[in-house]
Amino acid sequence: MSIPRDTAPIRSEERFDEQKLTAYLRRHTAEFAGNQPIEFEQFPGGHANLTYLARIGKREYVVRRPPLGPVPPKSHDMVREFSVLHALSRVLPQAPAALHLCTDESVLGRPFFVMERRRGFVIRNRWPQGLPDSPAIRQDISRSFVDTLVALHRVDYEAIGLSDLGRPDGFAERQVRGWAARWEAAKTRELEPMERLAGWLTGGVPAPQAASLLHNDYKLDNAMVDENGVVVAVLDWDMATLGDPLIDFGTTLAYWSQPTDPRYRIFMNNPLVHGDFLTRADLVRRYAQGTGFDLSEMRWYEVFAFFKIAVIVEQIYARYVAGQTTDERFAGFGERVEQLASGALEVAEG
């Protein structure tokens, strides 16, 4: 399999003291022991957490830390992500192994962890070079993607020691309150549709059918696939928790664009709108078959997902407005928030 290079030189504002990190890794991890030089590059595709490649000889690892500047409470939690992957990688093949956690903030300024590197293709706004492109492989990716979520939601989280990760009772209600509070903290201007969405969501929270381990941001560009369209890794576990599994699936549906969708549904994951993937209706049928859940109230979960996505995009935009990042990808995120909020309100009240 020929996988194109997915790293780049580290952006100037996201550099760190490489000598300090090298010294720490040599002292505290078996993977980096010895005198071989350690080389660092950056995975530039993410929007929030900073992800670096650490290469020693022919071996490669991943270093994960939160973004620069202030971060919302309980977000970008590297300790949580490490704990989840350390336990989950034993029972879910798509979860990369977490190898070392550092909570000494004098090294990188925030807690960080080291994990194994998986190789594959991440599908973002363009079809990855080297990944075969055909209707058949798009269908295979779709099936593997939803089947991986089903497998995650069937994990016995108590058996792997993650019962303290969250409180499933009242989870959805707390999510609505929490994300509404994050909106208030992050917003760069008043946006009336967001206020109305918060009220609509609060007034109609469905009763949960189960308690599961949630990824909490399960979308196509947080998965890595091989040349056969099989998911080989799921990434970005820093918001993982316990709760209503349909919260996860609602996020998946919100991000799963189709060719005829309105603009607010296709601002990300553009390859999906080229067609040949499973439709959202297909995903719903396959997920229902795999889990046995009643999905008749999925509209609420999709609307909540759009509300949450809008808050996340606003948080990123606020960092750009404050000058905490110079990444020009974020300059238009304010308009995206407005599109998401208006579109979600139409779904909610339509």
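Yes or no, residue by residue, for (1) touching a residue at least 12 places away in the same chain (Cβ under 8 Å); (2) more than 22 Å from THR148 (Cα to Cα); (3) among the basic types (Lys, Arg); (4) out of contact with any Leu (no Cβ under 6 Å at 6 or more places or on another chain):
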| site | (1), (2), (3), (4) |
| --- | --- |
| PRO259 | yes, yes, no, yes |
| ARG265 | yes, yes, yes, yes |
| ASN270 | yes, no, no, yes |
| HIS274 | yes, yes, no, yes |
| TYR287 | yes, no, no, yes |
| LEU295 | yes, no, no, yes |
| VAL303 | yes, yes, no, yes |
| VAL311 | yes, yes, no, yes |
| GLU314 | yes, yes, no, yes |
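Looking only at residues in the range 236-257 that are in a loop (DSSP other than H, G, I, E, B) and among the aliphatic types (A, V, I, L, M), the one that is modelled with the lowest pLDDT is MET239. I'd like the full set of residues that are surrounded by fewer than 22 Cβ atoms within 10 Å (Cβ to Cβ) and in a loop (DSSP other than H, G, I, E, B), limited to the range 218-235. Listed by number, the residues that qualify are LYS219, ASP226, GLU227, ASN228, GLY229, VAL230.
Just one of (1) within 30 Å of GLY229 (Cα to Cα); (2) surrounded by fewer than 17 Cβ atoms within 10 Å (Cβ to Cβ); (3) in contact with a Phe, Trp or Tyr (Cβ under 6 Å, 6 or more places away or on another chain) fails for ARG65. It is (2). Taken together, the residues in the range 189-223 that are at pLDDT below 95, of a type outside the set (D, E, K, R) and under 14 Å from THR251 (Cβ atoms) amount to 3. Listed conditions (1) modelled with pLDDT of 95 or more; (2) farther than 29 Å from VAL273 by Cβ; (3) surrounded by 17 or more Cβ atoms within 10 Å (Cβ to Cβ) are all met by MET78, apart from (1). Whether any residue in the range 218-231 is in contact (Cβ under 8 Å) with a residue 12 or more places away in the chain, closer than 17 Å to VAL347 by Cβ and in contact with a Ser or Thr (Cβ under 9 Å, 6 or more places away or on another chain) is what I want to check. No; the residues of the range 218-231 include none that is in contact (Cβ under 8 Å) with a residue 12 or more places away in the chain, closer than 17 Å to VAL347 by Cβ and in contact with a Ser or Thr (Cβ under 9 Å, 6 or more places away or on another chain). Contact map, the range 322-350: residues that are more than 25 Å from PRO44 (Cα to Cα) paired with residues that are at pLDDT below 90 and among the basic types (Lys, Arg), Cβ distance under 9 Å, separation 6+ or inter-chain. Pairs shown: GLN339/ARG263; GLY343/ARG263; GLY343/ARG265.
Would you check if there is a residue in the range 87-102 being closer than 23 Å to GLU302 by Cα and either surrounded by 15 or more Cβ atoms within 10 Å (Cβ to Cβ) or of a type in the set (A, V, I, L, M, F, W, C) (or both)? Among the residues of the range 87-102, not one is closer than 23 Å to GLU302 by Cα and either surrounded by 15 or more Cβ atoms within 10 Å (Cβ to Cβ) or of a type in the set (A, V, I, L, M, F, W, C) (or both), which makes the answer no.
When the residues of the range 236-272 are filtered to those that are among the aliphatic types (A, V, I, L, M) and touching a Phe, Trp or Tyr at 6+ places or on another chain (Cβ under 8 Å), the one that is surrounded by the fewest Cβ atoms within 10 Å (Cβ to Cβ) is MET268. Which one of VAL155, VAL122, VAL176 is at pLDDT below 95 and either closer than 17 Å to MET224 by Cβ or under 22 Å from the mean Cα position of the chain (by Cα) (or both)? Only one candidate qualifies: VAL122. Looking only at residues that are among the small types (Gly, Ala, Ser) and more than 21 Å from the chain's Cα centre (by Cα) in the range 125-146, which one is nearest to ARG286 (Cα to Cα)? By that ranking, first place goes to ALA136.
The values are calculated or read from the model by the stated rules, or taken from the named source; none is laboratory data. As the structure is a computational prediction, the values presented were derived from the model and not from experiment. Please note: Cβ atoms are built from the backbone with ideal geometry, for glycine as well, and neighbour counts cover all protein chains shown.
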